[in-house]
Every structure is written in structure tokens, then in C-alpha cells.
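Shown next, in C-alpha cells, is the structure this report addresses.
The values are calculated or read from the model by the stated rules, or taken from the named source; none is laboratory data. All values reported here derive from a predicted model rather than from experimental measurement. Methodologically, a virtual Cβ is constructed for each residue, glycine included, from the backbone with ideal geometry; neighbour enumeration extends over all protein chains shown. Remember, those area values only see protein heavy atoms, side chains included, never the ligands or the DNA or RNA. Shrake-Rupley method; radii C 1.70, N 1.55, O 1.52, S 1.80 Å.
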Amino acid sequence: MKHFRVLCALLTATLTASCLSSASALTGVSSWAKTDVHAAQAASLAPDTFASLDARTPISREEFCAVALKLYEAERQIKVPRTKKVYFKDCKDPNVNTAYEMELVSGRDKNTFAPKEPVSRQDLCVILDNIRTKCEVDKPDITISAKSFSDSRDLRPYAVSATEVMLSTGIMKGVEVSISNDPEKNGQTLTQLQPQGTATREQSLIMANRFLSTFDAKPLKPSDQMNDNDAILASRPLAAPESPQPKAEPDKDDRSETPEKVDAASQTEVDLNQEEEQFLLMDEPISVSGTVAEKKNAVFGEGNGYYTEQAVAEANMEQITVKVWSLLSSGQKTPSTKTFKVHKAIVDEVHAVFDEIFEGDEKFPIKDAGGYSWRSSTRSEHRQGTAIDLNYMENMECSIDENGKVLKVTTGSHWTPILDPYSIPAGGDVVRAFAAHGFAWGGDAWTSKRDYMHFSYFGT
């Protein structure tokens, strides 16, 4: 049935490309993309808001929400009623709020969606994979590793799995880039992932159409999906106004989408046994040295704030190499190094942190370490070069309720100190070393989430 439906769409596109309704027709479609874009339009994947818009312009977060819902409707062969609820202060668009309600996308934080920002390629993969999950389609075999691309380090941990799914199915493809900095390779190209690059409107439609051709979801009956005209699936509750909290809350960044760390709607349900759950009971947080105001003055200069331009931020970053312990398959620990970028103002502090971890009694092993990364959230500390993530898979990020109970895992898979040598113990050498040099730990710093991999200089 699925293949018949797709074949019909392709035939329709071929026969009627010149007379498609202008209600959803993009303008300036690239010559190489015309057949695929027409097929996507014939499959009703292009929203009406695309009328007369430039096909080669980067698609916004708001626009892709409309495409995502169109794709879900085409996969499940059902019309999704748009919610009347509004979850964000900066966006009342029903497509955005419906996609959020269905857990296909997430906001930059609980009040902000940033609807006009372009969608990064990695976040586009995350949203598409969220649609696959919502359609109850099994995860395909991974045949293409993100690590096979020379720029795989630019891919954020939260987006690795989704990106590999899209690469392995051919929904997402690499980008051919000319090698211009090596005279001996003049004229040659290499294929890059460019996960933090943007996708155009025509590219997003093509990927949506590939998705429709690839995955065969079981159609839903309207009664399976809706309780009433205002509720879709398991609707998210409206966010109540927060009362003042003594702890700083994290900013949602595009790991976000955490999870925008971006879209983190790749969240998975948590079912912890008692042995694992005991490790989520936290002692009092270790005191962090220095005040936030002092640290911001040291990093940005008095009176200056967060970076708004990538070039300015990168000019203030410095690549460092630190000593770490590596864990061999035999269980033996051996000295090694990790290299990443941080803000030049905190280089000495970061070296001191890792020296103390290396010299500590635990000899804590570090297999993943990431620092500076230009992210879409203006307040992301990774964007400022003042945050460091360690061993992301074994130190999950998760949302919690008011009692500290884990609700959703948004990045990584678990946090089980003692059971897993890569999980960071509360009160251990790693947390104490970072705290002594002014870094808060996401494992105990906030009231709305846990981010056990994350250490931040400003506490966000």
C-alpha cells in the first residue's frame, strides 16, 4: 500500500509538475531539485505558507514544524487537528504548538521557541526521527556511521543516533565540499556531514519525501489519535509560571532540540530499577567557587555580554589538550589525552581541573570530552566556550519532576555510578575538581532537570 501510494505521488508529480496549485508552490526551485520537490508537493508535504517563498532560502524552525506535521499526516493517513494551546511567549503558530504537543520538537527553553531561526541539519534529523518514533516505525539498521565523516566532531551527541538513521536510509546525504587549502588536491572534493549547517526549503521537502518513501507506518484511525479537538495524543501540560528558585536554571540549547540538548524530542521513557534509582538520590551540592558576575567580567570584560556573532566567539577560543585516563577493554587504565576548545579566559582553570582529575585517587576514565560549540541558543555556555561535557552516553541528561523523579531521558542513556565506570559520581574527584575552579555540575545545579555530563562556568 505504501509503495503504491508513493508511486502514485511520483506519477502525479511527473504528469502535473507544470500545473501544481500555487497554494503551496515554492519559487526559484533549483533545476536539480524540481522533480523531487514536485513529488513532495504532490504528496501534500508542502504547507500553504510556502506559497511564493524562495525554495533556496534556509527553512525556519516554524516552517519545518508545518512540514513535520504534513509528513506525519501523510505517513499515518490522518488529519491532525491543530491545538488551540500556546506554549511559548514568542510563538503562537498552531503548527509549532501542535508539533511541540506531539513531542516532535522542543523549545529553546520553557518559554521560548525561536520560530524564525533556521533549522540545523542535525536538528532536522532529530525531528524526522521523532516522527519515525511517533509513527511506531522500527529503527532501521545503522549502516553509515557519523564517524566516517571528517567533520563528525561537529555533530552534537544528542543528534548522533537520529543522524545515523537518516544517513543509513539515504534520507540525509553528505555535502560535497571542494578541497581548496591543499594545492596538491586542487579540484578534488570530500563529503562532509555539516551537522550545524542549515537546510533550504527545497532540501527539507526532498528529505520529507524520502522519509515518506522509506518508512511504512501503519495508518491511524482518528479515534486512535484524538480525545477531542483540542487534545493530540498525550498532550503536554501547559507550563505554569515558575516561582523564584535559588538555583539558576539551564538554557535550552540545540543539543535542544538538548534537545534546539534542540530538537530533544528524541526523549525516551525511563524505567529505572531500584538499584539504579538509588544513584539518583543526591547529597547537598558541592560549593562552587567564585560569583557569576566575577566570572562573566573575566570572560567577556566588564559591561560585555554573551556572544552574538560566531566569528567573534571563535576568535576568543583556544584549543587545549588535557591529560586523562583511558579505560582499556581489559579494565586497565592508561594515560591518554583529549583535545577540545574553550574560552581563552578559562584555559588555566580547565587545565587545573583536568590535572586534579588525573591525579585523583579515582583515576576517573574519560572517553568523550567536548567544549566550545557554536549553538543556536544565544545563552548556551557551549557557545560561549564556558561549558564542558564528559562521557555523554553514560551521563544522561533528563527532565525531572518536583520530587526529583526522572521523567524523560533527553541525551545519553543512563547515569549509574559504581555500576558504570564512565558515570560521574556525585561528590567524586570530577565534581570536586570542577567545583573548586568555578564550574557548576548539571547533576545537582538545577531544579527542573539533570545533566550529569555538563559542567558550566556560569551555572547554566
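Size of region 313-437 from its Cα atoms: along the principal axes, largest to smallest, the extents are 41, 38, 26 Å.
With a cut-off of 8 Å between alpha carbons and a minimum separation of six or more residues, what is the relative contact order of region 48-206 in percent? It would help to have the intermediate numbers written out before the result.
Numbers: 215 pairs, mean separation 42.4, N = 159.
The value is 27 percent.
Each residue of region 160-175 was assigned a 3J(HN,Hα) from its phi angle through the Karplus expression (A = 6.51, B = -1.76, C = 1.60, θ = phi - 60°), giving 4, 4, 5, 5, 5, 4, 5, 5, 5, 8, x, 6, 9, 10, x, 10 Hz with x at Gly and Pro. Mind running the shape call on region 88-148? Use the C-alpha gyration tensor, a ≥ b ≥ c as the square roots of the eigenvalues: rounded below 1.5 for a/c, prolate if a/b tops b/c, oblate otherwise. Note, shape of region 88-148 comes out oblate. Backbone phi angles across region 190-195, fed through the Karplus curve with coefficients 6.51, -1.76 and 1.60 (θ = phi - 60°), yield HN-Hα couplings of 10, 9, 10, 7, 6, x Hz in residue order; Gly and Pro are listed as x. So what does log10 I(q)/I(0) come out to for region 80-220 at q = 0.09 Å⁻¹, using the Debye formula with one equal point on every Cα and no solvent? Log-scaled intensity ratios, in q order: -0.33. Taken along its principal axes, the alpha carbon cloud of region 354-428 reaches lengths of 38, 31, 18 Å, longest axis first.
Take 113-123, 311-321 and order them by the average number of nearby Cβ atoms within 10 Å per residue, most first; the result is 113-123, 311-321. Per residue, the solvent-accessible area of region 311-434 (1.4 Å probe, heavy atoms of protein chains only, all protein chains present) comes to 42 Å².
The amide H of G459, built 1.01 Å from its N in the peptide plane, has A440 as neighbours under 5 Å, considering only residues 5 or more places off or on other chains.
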